[in-house]
Amino acid sequence: MSDASVQREDVYRQTVDAARFGVVAKPLSAWERIYNLGAVRKCLLLVALAVAWEVYARWLDNALLFPTFGATVEAFYDGMVHGELLDRAWTSIRILLVGYFAGIALAGLLTVVAITSRIGTDPHASGRGAPLRGVWAYRTGCAGAALVCGAVVRRRLVHRCRDRAARRDRSRAGRALLPPDRRDSAAMHVR
C-alpha cells in the first residue's frame, strides 16, 4: 500500500458476433399491436365498466335504485331527442350561475366592508399578524372573487406600510436635525 503506483493487468475482451445472441427484437403479434393503441385500451375499459354495470344492475334487480346500463342509455337518448334533458340541464345551470354571481357580489361587498372597516385592517385579526384579506369572500365559496379582493387588500396594506415607513423616516431625519435635548420629546409626538 505504500507504493503509489499499482500495476494492473490489461484486460482484453473478444467481440462476439450478433448472430450468436439469438432473437433481440422480434415483430409484435397482431394482438400486441392492437393493444398498444391507447384508444383501444380506453374503449376496452369502457366496455368492461358497462358490462360490470349491467351485470350488477341485473343482479340487484331494482330499477329505481340502480337502473341497468341499457335503460340509462335509452333514457339519455329519449331525453336528448325530445329536448327534456337539455331543458332541465339549462334550468340547473341557470340556478348555478345565479348562485355564483350572487356569491361574487356578496364576496365583493363583504370584502369592501372588510377593507373599509377597522375589523378588516386589524393586524391581529387572523392570529398570525396578517389582516383578514377577504376571509368573508372565501367563506361564501367564491374563490375567484376572494383572490381578487385579497389582492386589493394586499395592495392597500403595502401602500399603507410604505406610507408609514416614509413618515417614520421623515420624522427620524427631522429628529436628527434637532438638538439632543429636544429629540426625546419629538419622538413622543411622532407616534
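The values are calculated or read from the model by the stated rules, or taken from the named source; none is laboratory data. These figures come from a predicted structure and were not determined experimentally. In this analysis, Cβ positions are derived from the backbone assuming ideal geometry, glycine residues included, and neighbour counts consider all displayed protein chains.
Key figures
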read-out: Given (1) at pLDDT 90 or above; (2) exposed (fewer than 11 other Cβ atoms within 10 Å of the Cβ), index of the condition Leu44 fails; value: (2)
read-out: Any hit, region 8-17, residues being modelled with pLDDT of 85 or more and assigned to a helix (DSSP H, G or I); value: no
read-out: Subset of region 56-71 [part of a loop (DSSP other than H, G, I, E, B) and surrounded by 13 or more Cβ atoms within 10 Å (Cβ to Cβ)]; value: Phe66, Pro67, Thr68
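Per-residue answers, yes or no, for (1) closer than 30 Å to Trp53 by Cα; (2) small (Gly, Ala, Ser); (3) assigned to a helix (DSSP H, G or I); (4) touching a Pro at 6+ places or on another chain (Cβ under 7 Å):
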site: Val73; (1), (2), (3), (4): yes, no, yes, no
site: Gly79; (1), (2), (3), (4): yes, yes, yes, no
site: Leu86; (1), (2), (3), (4): yes, no, yes, no
site: Thr91; (1), (2), (3), (4): yes, no, yes, no
site: Phe101; (1), (2), (3), (4): no, no, yes, no
site: Ala105; (1), (2), (3), (4): no, yes, yes, no
site: Leu109; (1), (2), (3), (4): no, no, yes, no
site: Ala114; (1), (2), (3), (4): no, yes, yes, no
